[in-house]
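The values are calculated or read from the model by the stated rules, or taken from the named source; none is laboratory data. All values reported here derive from a predicted model rather than from experimental measurement. No Cβ is skipped: glycine too gets one built from the backbone with ideal geometry, and neighbour counts run over all protein chains shown.
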2 protein chains.
Amino acid sequence: MKVITIVSGGMDSAVLATHLAERKYEQHLLSFNYGQRHVKELEYAFYLSAKLACQYDVVDLTSLKRLLAGSALTDNIVVPDGHYTDESMKATIVPNRNAIMLSIAYAVAVAENASYVAYGAHAGDHAIYPDCRPSFVERFQAMEHVAAGSTILLKTPFLYLTKADIVKEGHRLGVDFAATWSCYKGGEIHCGTCGTCVERREAFHLAGVEDPTTYQVVEDVHS
Amino acid sequence: MKVITIVSGGMDSAVLATHLAERKYEQHLLSFNYGQRHVKELEYAFYLSAKLACQYDVVDLTSLKRLLAGSALTDNIVVPDGHYTDESMKATIVPNRNAIMLSIAYAVAVAENASYVAYGAHAGDHAIYPDCRPSFVERFQAMEHVAAGSTILLKTPFLYLTKADIVKEGHRLGVDFAATWSCYKGGEIHCGTCGTCVERREAFHLAGVEDPTTYQVVEDVHS
């Protein structure tokens, strides 16, 4: 059974692809370059594909960057520090991003006769990202059932897991977390203070798994 | 009220944008370059935007071309001749195309605080293209209601009209049909024999409107 798996180079997608590899799915990994500030995450996605010996492609959506002004992920706006669920993190939302990525992944799935499209939506994202919620997953699948005229299903094994649960699953699978990238600032090393860095550190802490990441700033996020 | 209107350079989108302009909507026209053989249609879309004095952008999706092998629209497969509704025309389907284009248009709509996304789906396309059917329109809108967390609506004024009805509406609006492109072969002039050319000629004939198009082959399609 073939799966088109959307991967970003972050922890969630590394665990997702490794989880699916363990279940012997044939995977085609797909990343998206939408002009994100942290485009270096794609190097980690490439590394993941090499490690899992999967087909890998990057879809170039950089022509959208100018059109989708207003997101801290793609513009010269300062990436906010603080907790991921803070109001300020809403600035990092690229509008409608998952619908765009999933639509393209479905097109590839049709072209390649794949049975599934997978992405790493999880419970920790539900609050901020509507396109990671179960209701979105249901409706997207219902839409594609008509659009692609097919029975390609959306695979979201982490939909009801927390990020800490994902760390635990990755630990069990032996995922090389040091070779994943989360930081939205896209510097030389993880900043340790932006929303995704705080979330990453917290997930390791809650999972009780050693965090192999080198952060620029490492004051205790749990104080 | 602002509308993001998807235009191809063909008849349907020219009539759609002119129809919306008559109703005084502010429009941002959006075209997609997915490596289509008939990419020259985009010149006609640009002309339309100039004529209506609308903002116009082309989204570059050419990186999808290699991934979506198998469609006569983008590959070096021979474009089939014959009637549009023939089985052979299914070869011209780019998988999931409308879901991809609409998802991107919704992202632009969110970024620009637009109220609507419009596209030229019509009854003549229902048979072949599932992503032009009312059930698709309903489900796409339901999905976006969650994804974009918004009340942006999908505007499809021609959903229950035939292509001949659209020609009549364009005629009433004074649309310059000579400055629209349909032919999937993308040659110097319309071939007159591919599915879309046959459909175009038939629509003018059924509407009782003079067809200003120069075709390479003009044997009677109605014999």
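Scan region A:67-101 residue by residue and report those that are within 8 Å of chain B (Cβ to nearest Cβ) and either under 27 Å from A:HIS19 (Cβ atoms) or modelled with pLDDT of 75 or more (or both).
A:LEU67, A:LEU68, A:VAL94, A:PRO95, A:ASN96, A:ARG97, A:ASN98, A:ALA99, A:ILE100
Out of region A:145-164, which residues are more than 24 Å from A:ASP12 (Cα to Cα) and either at pLDDT 95 or above or facing chain B (nearest Cβ under 10 Å) (or both)? Show your work before the answer.
Of the residues in region A:145-164, the ones more than 24 Å from A:ASP12 (Cα to Cα) are A:145-151.
Scanning region A:145-164 gives A:HIS145, A:VAL146, A:ALA147, A:ALA148, A:GLY149, A:SER150.
Among residues belonging to region B:118-131 that are within 10 Å of chain A (Cβ to nearest Cβ) and touching a residue at least 12 places away in the same chain (Cβ under 8 Å), point out the one that is surrounded by the fewest Cβ atoms within 10 Å (Cβ to Cβ). Show your work before the answer.
At the first step, the residues of region B:118-131 found to be within 10 Å of chain A (Cβ to nearest Cβ) are B:129-131.
Adding the requirement that they be touching a residue at least 12 places away in the same chain (Cβ under 8 Å) leaves B:129, B:131.
Working: B:TYR129: 20, B:ASP131: 26.
Among those that are within 10 Å of chain A (Cβ to nearest Cβ) and touching a residue at least 12 places away in the same chain (Cβ under 8 Å), it is B:TYR129.
Condition first: of a type in the set (Gly, Ala, Ser), at pLDDT 95 or above and within 18 Å of A:ALA121 (Cβ to Cβ). Now tell me which residues in region A:165-190 satisfy that.
Answer for region A:165-190, where residues must be of a type in the set (Gly, Ala, Ser), at pLDDT 95 or above and within 18 Å of A:ALA121 (Cβ to Cβ): just A:GLY170.
Given A:ASP125, A:ASP220, which one is among the acidic types (Asp, Glu), within 23 Å of B:ALA142 (Cα to Cα) and at pLDDT below 95? Spell out how you get there, then give the answer.
Values: A:ASP220 fails: within 23 Å of B:ALA142 (Cα to Cα).
Only one candidate passes the filter, namely A:ASP125.
Does A:ALA109 satisfy being of a type in the set (A, V, I, L, M), within 14 Å of chain B (Cβ to nearest Cβ) and in a loop (DSSP other than H, G, I, E, B)?
Working: of a type in the set (A, V, I, L, M): yes; within 14 Å of chain B (Cβ to nearest Cβ): yes; in a loop (DSSP other than H, G, I, E, B): no.
No: the conditions fail for A:ALA109.
Just checking, which of A:ALA179, A:ALA207 is under 18 Å from the mean Cα position of the chain (by Cα) and small (Gly, Ala, Ser)?
Details: A:ALA207 fails: under 18 Å from the mean Cα position of the chain (by Cα).
Going through A:ALA179, A:ALA207 in turn, the sole match is A:ALA179.
Select from region B:121-179 the residues that are aliphatic (A, V, I, L, M), touching a Phe, Trp or Tyr at 6+ places or on another chain (Cβ under 8 Å) and not in a helix (DSSP H, G or I) and list them in ascending order.
Within region B:121-179, B:ALA121, B:ILE128, B:ALA148, B:ILE152, B:LEU153, B:LEU154 meet the criteria.
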